[in-house]
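Quick notes on the structure that follows.
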Amino acid sequence: MNEHILDIRRLKKYYPVKGGVFKKHIADVKAVDDLDLTIRKGECLGLVGESGCGKTTLGKTILRLHEATEGRIYYNQSAEEVDRIEGLLDSGDKTKIAEARQLLQQVDLTKMSGKDLLKLRRKIQIVFQDPSNSLNPRMLVKKIIAEPLYVQGVYSAREIEERVLNLLNTVGMAKEHMMRYPHEFSGGQRQRIAVARALATNPDFVLMDEPTSALDVSVQSQILNLLMQLQKDFSLTYLFVTHHLLVVKYISNRIAVMYLGKMVELGATAGIFKNPLHPYTKALLSAIPIPDPASERQRIILTGDVPNPINPPKGCRFHPRCSWAVDRCREEIPVLEEAEKEHFVACHRWKEIS
Ligand code: SF4
């Protein structure tokens, strides 16, 4: 469980902003900024935060749907090997840095190309939020699920048909569904088809990008249970992006909280729900309704909006909205530190306010 499938180091994803008559590069939207994160094999890591915090950008950069601006995403490497390469990069020695760059071509998924990238695309998959948009309305279900297999070009027509049927059964659908179009299904069934397509290439990592948000409440739990079962059956690792905290509580082993492109808290789900350390996490959790009228938990209301990521606040990015902010917070960026065993927080004052 503690082996890493992804080791993200100092990742940046900036989107250039162009302006003026000559459309010159005038600024950057810093969607993900200097972010470190480790995803363990076989876990479901819940990634939470408000809209615009960078969680979807992070997921899409991992999948190479967007190209990273800077940083590294090690795929399937031991912690020792990652530290060794990072050490070479930080050595200041030109020969060692060149050696590290050479190694990164094979192990850093932001640099992979050719056959390595093709292989990677089979092993990391995505399930999008809204299956109505992610499934081609003109394709039969059979073709939608089979498409990633055709791309590989190694299966016969019969093998593909058998695989499609198998996948449909796996997600709780039947043979007769193969020859229908997406619009003939309910939202929940469409999401099952999208999951079957994601599993077609035997991935080991699946990015779940708000996979239940577009569904009726009545089918959300069925899809969540299906995803949990599939994770167990196929030893999958999930990065589960959502803004729905009760969903992550139900499905995730660990939770990562993002705010304005930065990781602010990371830890085991039970630990974060029991003892959130960062003021932002405290505010998010305080907004979850408790089905007990006698409960006296106080809701923390965040004032103001998430600041503009083109020009994020100096120091701690949360300081304009934080009621514990002091001068140091306005100057110095807090680093993610281990506050309790395997529970990390980026806040100068976590000891005083926890
Ligand atoms: Fe609030 Fe300061 Fe902690 Fe940022 S570093 S969350 S501003 S107390």
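Would you grab the residues whose amide H sits under 5 Å from the one on Ala339? Only those 5+ places off in sequence or on another chain, please, with H modelled 1.01 Å from N.
When sequence neighbours closer than 5 places are left aside, the close amide H contacts are Phe344, Val345.
Just going by the charge dipole of the range 194-319, with Lys and Arg at +1 and Asp and Glu at -1 on Cβ, which of Tyr259, Thr237, Thr269 is farthest out on the positive end?
Projecting each Cα onto the dipole axis, the largest value belongs to Tyr259.
Please work out the Cα center distance from the range 299-326 to the range 250-280, rounded to the nearest Å.
Going from one Cα centre to the other spans 17 Å.
Set the bar at 21 Å for Cα to Cα. Now go through Lys41/Lys351; Lys41/Lys232; Lys13/Lys60; Lys55/Lys262; Lys13/Lys262 and name every pair that lies beyond it.
Lys41/Lys351
Could you tell me how far the Cα centroid of the range 1-47 sits from the Cα centroid of the range 58-90, in Å?
Here the answer is 11 Å between Cα centres.
Please identify, among Lys111, Lys96, Lys123, the residue showing maximal mean-square fluctuation in a Gaussian network model of the chain using a 10 angstrom Cα cutoff.
Top of the fluctuation ranking is Lys96.
Please report the base-10 log of the normalised intensity I(q)/I(0) for the range 19-165, using a Debye sum with one equal scatterer per alpha carbon and no solvent, at each q in 0.09, 0.15, 0.20 (1/Å).
The computed values of log10 I(q)/I(0) come out as -0.44, -1.04, -1.34.
Please check: in the Gaussian network model of the chain (C-alpha springs, under 10 Å), which one of Val306, Val21, Val257 has the largest mean-square fluctuation.
Checking each option, the largest mean-square fluctuation is seen for Val21.
Go through the range 333-339 residue by residue and turn each phi into a ³J(HN,Hα) via Karplus (6.51, -1.76, 1.60, θ = phi - 60°); whole Hz please, and just put x for glycine and proline.
So the Karplus estimates, Gly and Pro as x, are 6, x, 9, 6, 10, 7, 7 Hz.
Please list the non-local residues whose amide H lies under 5 Å from the amide H of Leu47, H modeled 1.01 Å from N, same-chain partners needing a gap of 5 or more.
Phe240, Val241, Thr242, Ala256
Output the antiparallel fraction of DSSP beta bridges having both residues in the chain, as a percent to the nearest 5.
For the chain, the DSSP antiparallel bridge percentage is about 65.
Given a Förster distance of 30 angstrom, what is the FRET efficiency for Ala79 paired with Ile301, based on the Cβ-Cβ distance and rounded to 0.05?
0.15
Checking the a/c ratio against 1.5 first, then a/b against b/c, what shape does the Cα gyration tensor give for the range 196-272?
prolate
When the helix-only estimate is applied to the chain (DSSP H runs of n ≥ 4, each -39,500 (n - 2.57), divided by the residue count), what is the mean residue ellipticity at 222 nm, nearest 500 deg cm²/dmol?
One gets -11000 deg cm²/dmol as the mean residue ellipticity at 222 nm.
Counting Lys +1, Arg +1, Asp -1, Glu -1, what net charge surrounds Thr242 among other residues with beta carbon under 11 Å of its beta carbon?
Computed value for this residue: 0.
Where does the charge balance sit around Val29 when Lys and Arg score +1, Asp and Glu -1, over other residues with C-beta under 13 Å from its C-beta?
Residues near Val29 contribute +2 overall.
Does the chain come out rounded, prolate or oblate, given a ≥ b ≥ c as the square roots of the eigenvalues of its C-alpha gyration tensor, rounded meaning a/c under 1.5 and, failing that, prolate meaning a/b above b/c?
oblate
Could you state the accessible area per residue of the chain in Å², with a 1.4 Å probe and every protein chain left in place?
51
Per the 1.4 Å probe, what fraction of the accessible area of the range 83-198, in percent, lies on carbon and sulfur atoms?
Here it works out to 48 percent.
What is the range 173-288's relative contact order, in percent, from Cα pairs under 8 angstrom and six or more apart in sequence?
18
Cross-link candidates for Lys18: which aspartates and glutamates have Cα within less than 19 Å, leaving aside residues fewer than 8 places away along the same chain?
List returned: Asp28, Glu67.
The values are calculated or read from the model by the stated rules, or taken from the named source; none is laboratory data. Treat the numbers as computed from the prediction; the structure is a model and nothing was measured. Here the Cβ is made from the backbone with ideal geometry for all residues, glycine too, and neighbour counts use every protein chain on show. Calculation scope for accessible area: heavy atoms of the full protein, side chains included, ligands and nucleic acids excluded. Shrake-Rupley method; radii C 1.70, N 1.55, O 1.52, S 1.80 Å.
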